[in-house]
Each structure stands twice: as C-alpha cells, then as structure tokens.
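Some notes on the structure that comes next.
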Amino acid sequence: MDFAKVKSNLEKLGYVVTCFDTKNDASKYLNKTIDHTSVGICGTLTVEEMGLYESLGEHNEVHWHWRPGEGETPQDVRERIAKCDIFISSVNGLAETGEIVNIDGRGDRVANTIHGHKKVYFIVGENKIAENFEKALWRARNIAAPLNAKRLNRKTPCAVKGDKCYDCSSPDRICNALTVLWRKPYSMEYEIVLVHENLGY
C-alpha cells in the first residue's frame, strides 16, 4: 500500500495525516500527543487491538461504552463521550482518493465523528483502504458490516453467512446510518493515523 499517495490526497482535503509502520509506533505517538484531556472512544476493534483504552487511561480521562464502570450502563458512558474533547474512531472504508466511510447501527459513532469535539482521530489499518470511493463503500457494506454483525451475534443474513450485505430488514440490522466525509468538515480538527498493519474489520 502506497501511503504517500493516500496521505497526499487526504492532506489536500484538509486533514492532518501521520503514518506508522506498526500499531505500537502509532500507540506511542497517540499517547504522547493525547495527554491530560478527556477522550471518548467508539465501538472499535482497532482501539482494542492497540490497547489504547488502557494506555491512554493512565494519563487521560477516558470513556468507552465497551468498558462501563460499576453500576453504569453503556448509555451512561455514551452520554459522557459526547462531551469529550477528543474522540477516537476507526473507519469501515477509506478511499485512496480520500473519502471516509462509516456505517453505524445506533448512530452515536457516526454522530461523534462529525460534531461535538475539539478533535477527532481516525486510526486506519491498511486493510481498510480501497482504491476509490465506490470500493470503499463496498468494503464497508460487504466486509466490515458482516464481520461486525457476526461478532455481535446479530441475527442477520450477513452474520450467518459472513459473505456480503443482504440489505436486510432484520431488527438486528447494524447498517442503519452511513456517513461519508468527502473532505474535512469545518467543525473540528481531524487527524488520520495510517498504520501499515491490518487492524480491525
């Protein structure tokens, strides 16, 4: 994967872009850069694989609905996440041309990536990168969504077969909201962290 091309295209769209060979290098950078602030994390295997909740939590106030405190519900944590200075997410698809695609079931993940914080970090493993917007969207719908539905034990055709999107009407469907960032929104700072490893789905 030619990160130089992807980086150049993203920078032309207004994003700050940093590139790393490994998730450990990226984690060290993020721990140095994100310090003594409030951090919200969405549902992301990428962050889990990098151990960021634990490492950032040593010197930040970190909130993640996958890790609610005693007596808390995930929704309690989601409400705090919406007020954090920093929000960390991954993506379901990133086009080499710069479009960023995310699919969500509840809507809180995609909402937090476009409004409400001082800065958003997108951490992107090289497996998430597609040649163009159409292929990035296809990846989000036919690779990321079925694997996530299967991981969540949803009763959807894509979770059972794990092969593609069936555009189902299941009440367990996780593909309810879609965001496409054509370029950097005005509202917040954005940084794309590219990692030369496969991360998440």
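Throughout, read-outs are computed from the coordinates displayed, never taken from laboratory work. Remember, it's a predicted structure, so these values are computed and weren't measured experimentally. All Cβ positions, glycine included, derive from the backbone under ideal geometry; neighbour counts span all protein chains shown.
Mean residue ellipticity at 222 nm from the helices of the chain, using -39,500 (n - 2.57) per DSSP H segment of n ≥ 4 over the full residue count, to the nearest 500 deg cm²/dmol? Intermediate values should be presented prior to the final figure.
On the way: 9 runs with 64 residues, N = 201.
Rounded to the nearest 500, it is -8000 deg cm²/dmol.
Once you've got the Cα coordinates, tell me which of 7/118; 135/164; 12/32; 119/184; 5/128 are over 18 Å apart. In this structure, 7/118; 12/32 exceed 18 Å between Cα atoms.
Applying 1/(1 + (r/R0)^6) with R0 = 35 Å to the Cβ-Cβ distance of residue 67 and residue 142 gives a FRET efficiency near 0.75. Stretching residue 11 away from residue 163 to a fully extended chain increases their span by 51.4 nm, per 0.36 nm per residue minus the current alpha-carbon distance. The packing ranking of peptides 150-161, 119-130, 176-187, highest mean first, is 119-130, 150-161, 176-187, where packing means the average number of other beta carbon atoms within 10 angstrom of each residue. When the square roots of the Cα gyration tensor eigenvalues are ordered a ≥ b ≥ c, the ratio a/c for the chain is 1.5 or more and a/b does not exceed b/c, which makes its shape oblate. Placing a pseudo-label 7 Å from each Cα along the Cα-to-Cβ vector at residue 115 and residue 19 gives an inter-label distance of 3.5 nm.
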